[in-house]
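Before any comments, here is the structure.
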Amino acid sequence: MKLIMKRRELTVLLWLFIILDNWLLSTDMNLVVKTIAVVVSFLIVTGWIAFQLRLVTSSSLVKLTVLLLLSWIIILPLGGLGITSYLILTLPIPSVVLQFIYIHRLLLVLILLIMYVVFVLGWWAVQPVIFGWIDGAKTYEQVPLRKSVISWLIDVVVGGILIAIGQAYLLMIGGTLLLASTVSLLLARYFQFDIVYRHWEVPAIGAVICVLAIFGWGHFQPKYPNNYDLKIIAHRGVDNGNGVQNTASSLKKTSKHFHRVEMDIQETSDHKFVCLHDPNLDHLAHRSLLAKNQKLSSLTKIKVSENGHQTTLTSFDDYLRVAKQTHTKLIVEIKPQVGISSRQSAREFAKRYHRDIDSDQLSIHSVDDSIIEQLRKESRTGNLGLIRPFVLSRLQTNQINFYSLNYHAINPAYVQYLHEHNIKIYAWTVDSPNAARRMVALNVDGIITNNAQLIQHKVDNVHDGLKYDAQNFLLQLI
């Protein structure tokens, strides 16, 4: 029976390098060594493809290398085989640009997605021209696309079954095999060497080596950290819908079980602060009012309802008073508002609450860098952090104590980087037990959740921690 063994060789080659390079990058080994390992892996794959195409001249080898680099750059938005996260940590983007992206992220993502799809389709459409650019490349009579896809689908089925079983090692084997097989199919079709080849020994030996590498990875993984000081933090002061978000009445209930709460504030027209997440009252009061245009005294008379509960809006003074009475520590998000100077809001907040900022009663975070920068000028000892819905550039480490990251964006690379700089990581908003266990496996410092009691129970009862290490490993690849 004829098998498409040449692509199988490439599959196991990519499979091995995906495992080894990402394992190596996750260690604390010297950066130069890590870089050399990645470059060597790339050159070996390039050399293998050059051998299949029978390239001998230096110019053809250079052109092939350039094409493979461009191909790899194209997949960077899709994870870059695990390298993208590490590259992002070297990329400086001005905070004002990041702020614009965060505010308009839905529209920008849609535009960029359309542009990306058009570019990829165009890249594939000009393949004959690009391939002809490589001098002396040997051409083969390719296996029909149908057979290539069937071969790939076999890998998909095998990988999918292993992933579905969910055991740690099988999860790693299935996930990495599926990725390597997909990339090898695309490369083989693009460079036209998906040819029939009878010898199966090399792919078989390579597959065995890959499986052994995965078992080696698992052996050296740290044990699931059940006993470290993980903070479970009630999101907006609510636990399992026990009240209206960001209100004193909910805080009193939640603080009976949890003494760490994340909540939101906004500046009012008289330069005071009300506990409120959205800039308007549409959601909670069904009224088209902007908090920034109202005095605090009028806002605290407005009735709000949520989760079957009703109360009135709470001033931050009252919320802080209840927090002190119940010995609850607060993580306060200062919301930036259109038309109000963020730095002025920070100065006003610092003037009113400087003693609490300098104590451990309050931690302050914001998506607006200028708010945190101004607070740092006002307080040298305050516990200050930045909020990131996703990571697009190097994470600032100067004058920052912690990051609050969307849990979808957290991966081993970011945790390793921030912990190396003695910066804590809080994951938000984690309501799924599986996601919470993944965060624990990543060794985050805190979990912000709407279901604090449930998450606390689930993270305390884990029997297969390595499975969550495997999930984190695979998610970073894509």
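Brief remarks follow.
- Some residue of the stretch 57-68 being hydrophobic (A, V, I, L, M, F, W, C), closer than 29 Å to VAL391 by Cβ, without any contact (Cβ under 8 Å) to a residue 60 or more places away in the chain and surrounded by fewer than 17 Cβ atoms within 10 Å (Cβ to Cβ): yes
- Residue check, ASP318 touching a helix residue (DSSP H, G or I) at 6+ places or on another chain (Cβ under 8 Å), at pLDDT 95 or above and under 20 Å from GLU348 (Cα atoms): yes
- Residue selected from the stretch 296-323 under the condition in a helix (DSSP H, G or I) and in contact with a strand residue (DSSP E or B) (Cβ under 6 Å, 6 or more places away or on another chain), by the criterion surrounded by the fewest Cβ atoms within 10 Å (Cβ to Cβ): LEU296
- Answer residue from the stretch 363-383, given it is in a loop (DSSP other than H, G, I, E, B) and small (Gly, Ala, Ser) and is surrounded by the fewest Cβ atoms within 10 Å (Cβ to Cβ) among those: SER379
- Test: residue in the stretch 282-290 that is at positive phi and without any contact (Cβ under 8 Å) to a residue 40 or more places away in the chain: yes
- In the stretch 447-478, the qualifying residues are those that are farther than 24 Å from VAL244 by Cβ and aliphatic (A, V, I, L, M), and the one that is modelled with the lowest pLDDT is VAL462.
- Restricting ALA441, ALA427, ALA470, ALA436 to residues that are assigned by TED's automatic domain parsing to the domain that holds HIS259, part of a helix (DSSP H, G or I), in contact with a helix residue (DSSP H, G or I) (Cβ under 8 Å, 6 or more places away or on another chain) and within 29 Å of VAL109 (Cα to Cα) narrows the list to ALA436.
- Members of the stretch 16-56 found to be over 15 Å from ALA413 (Cβ atoms), among the aromatic types (Phe, Trp, Tyr) and touching a residue at least 24 places away in the same chain (Cβ under 8 Å), listed by number: PHE17, PHE42, TRP48
- Criterion (within 24 Å of ALA441 (Cα to Cα), at pLDDT 85 or above, surrounded by fewer than 19 Cβ atoms within 10 Å (Cβ to Cβ) and under 27 Å from the mean Cα position of the chain (by Cα)) met by exactly one of ALA168, ALA164: ALA164
- The residue of the stretch 69-89 that is surrounded by the fewest Cβ atoms within 10 Å (Cβ to Cβ), among those that are at pLDDT 90 or above and hydroxyl-bearing (Ser, Thr, Tyr), is THR84.
- Any pair with Cβ under 7 angstrom, 6 or more apart, that starts in the stretch 334-361 at a residue that is on the phi > 0 side of the Ramachandran plot and ends at one that is surrounded by fewer than 21 Cβ atoms within 10 Å (Cβ to Cβ): GLY339/LYS292
- Exactly one residue out of ALA427, ALA413 is of a type in the set (Gly, Ala, Ser), farther than 20 Å from ARG236 by Cα and within 12 Å of the chain's Cα centre (by Cα): that is ALA413.
- Residue list for the stretch 324-359, restricted to those being within 16 Å of ASP270 (Cα to Cα), assigned to a helix (DSSP H, G or I) and aliphatic (A, V, I, L, M): ALA346, ALA350
- Every residue from the stretch 411-450 that is under 22 Å from TYR86 (Cα atoms) and surrounded by fewer than 18 Cβ atoms within 10 Å (Cβ to Cβ): HIS419, GLU420, HIS421, ASN422, ASN443
- Filter pass, VAL444 being closer than 16 Å to PRO225 by Cβ and at pLDDT 95 or above: yes
- Of all residues in the stretch 12-31 being at pLDDT 90 or above and either charged (D, E, K, R) or over 25 Å from the mean Cα position of the chain (by Cα) (or both), the one that is nearest to GLN476 (Cα to Cα): ASP21
Conditions tested, residue by residue: (1) free of Cβ contacts under 8 Å to residues at least 60 places away in the same chain; (2) closer than 23 Å to ARG437 by Cβ; (3) surrounded by 16 or more Cβ atoms within 10 Å (Cβ to Cβ).
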{"position": "ALA180", "(1), (2), (3)": "no, no, yes"}
{"position": "ARG189", "(1), (2), (3)": "yes, no, yes"}
{"position": "GLU201", "(1), (2), (3)": "yes, no, no"}
{"position": "ILE233", "(1), (2), (3)": "no, yes, yes"}
{"position": "VAL244", "(1), (2), (3)": "no, no, yes"}
{"position": "HIS259", "(1), (2), (3)": "no, yes, yes"}
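- Positions within the stretch 391-419 being touching a residue at least 24 places away in the same chain (Cβ under 8 Å) and part of a helix (DSSP H, G or I), in sequence order: TYR407, PRO412, ALA413, TYR414, VAL415, GLN416, TYR417, HIS419
The values are calculated or read from the model by the stated rules, or taken from the named source; none is laboratory data. On a predicted model such as this, the values are computed, not experimentally measured, just so you know. Note that we place each Cβ from the backbone using ideal geometry, even for glycine, and neighbour counts take in every protein chain shown.
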